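This report refers to the structure that appears directly beneath it.
The values are calculated or read from the model by the stated rules, or taken from the named source; none is laboratory data. These figures come from a predicted structure and were not determined experimentally. No Cβ is skipped: glycine too gets one built from the backbone with ideal geometry, and neighbour counts run over all protein chains shown.
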Amino acid sequence: MVKKLLLILFLLTFSTDIFSQDDDARDKAILENSLNGIHDVMASPNPFSVTTRIRFQADEEMEIDFFVKDLLGNTIYSQKVKTKKGANSIPFYREELESGIYIYSIKTKFKIISKRIVIK
């Protein structure tokens, strides 16, 4: 009888720890996605021949890293940007880049959003 009670007590304690860890992970994920959030990211126009604007919404003022890479993963452009709460845009100029597909990314403390741009 005592062994059964100890087993039940152990299982209850162990399962409570597992559920609290799941709750902590879920709460952390919600916090990361709701704070310091960048969303609605898009390049317009895309494809482009001379210049495009990377437009996005920021949930608060923050500093982000904006960078563009070629398809081999080489960084060809990088810039630190201070956002404002609400609508933001970053101009990007083709300059000497060849026509093709490139990947642009916005990096915050919590996540990186990457999308494709095409230069005609």
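Some points to look at:
- In the range 66-82, the residues that are closer than 12 Å to ILE101 by Cβ reach residues that are part of a loop (DSSP other than H, G, I, E, B) and at pLDDT 95 or above with C-beta atoms within less than 9 angstrom, at least six apart or across chains, in these pairs: VAL68/LEU97; ASP70/LEU97.
For (1) farther than 12 Å from ILE117 by Cβ; (2) in contact with a strand residue (DSSP E or B) (Cβ under 8 Å, 6 or more places away or on another chain); (3) assigned by TED's automatic domain parsing to the domain that holds LYS107; (4) at pLDDT 95 or above, each residue gets a yes or a no:
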site: ASP24; (1), (2), (3), (4): yes, no, no, no
site: ASP27; (1), (2), (3), (4): yes, no, no, no
site: SER44; (1), (2), (3), (4): no, yes, yes, yes
site: PRO47; (1), (2), (3), (4): no, yes, yes, yes
site: THR52; (1), (2), (3), (4): no, yes, yes, yes
site: GLN57; (1), (2), (3), (4): yes, yes, yes, yes
site: GLU63; (1), (2), (3), (4): yes, yes, yes, yes
site: LYS69; (1), (2), (3), (4): no, yes, yes, yes
site: LEU72; (1), (2), (3), (4): yes, no, yes, yes
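- Every residue from the range 106-120 that is surrounded by fewer than 12 Cβ atoms within 10 Å (Cβ to Cβ) and modelled with pLDDT under 95: LYS109
- Condition broken by PRO91, with the remaining ones in (1) under 13 Å from THR51 (Cα atoms); (2) surrounded by 12 or more Cβ atoms within 10 Å (Cβ to Cβ) satisfied: (2)
Residues are listed down the side, and each one gets a yes or a no for (1) over 14 Å from ILE38 (Cβ atoms); (2) assigned to a strand (DSSP E or B):
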| position | (1), (2) |
| --- | --- |
| ARG53 | yes, yes |
| PHE56 | no, yes |
| GLU61 | no, no |
| ILE76 | yes, yes |
| LYS84 | no, no |
| ASN88 | no, yes |
| PRO91 | yes, yes |
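- Looking across the range 81-105, just one residue is in contact with a strand residue (DSSP E or B) (Cβ under 9 Å, 6 or more places away or on another chain) and modelled with pLDDT under 95, and that is GLU95.
- For the range 40-53, a residue qualifies if it is in contact (Cβ under 8 Å) with a residue 60 or more places away in the chain and closer than 19 Å to LYS109 by Cα, and exactly one does: VAL41.
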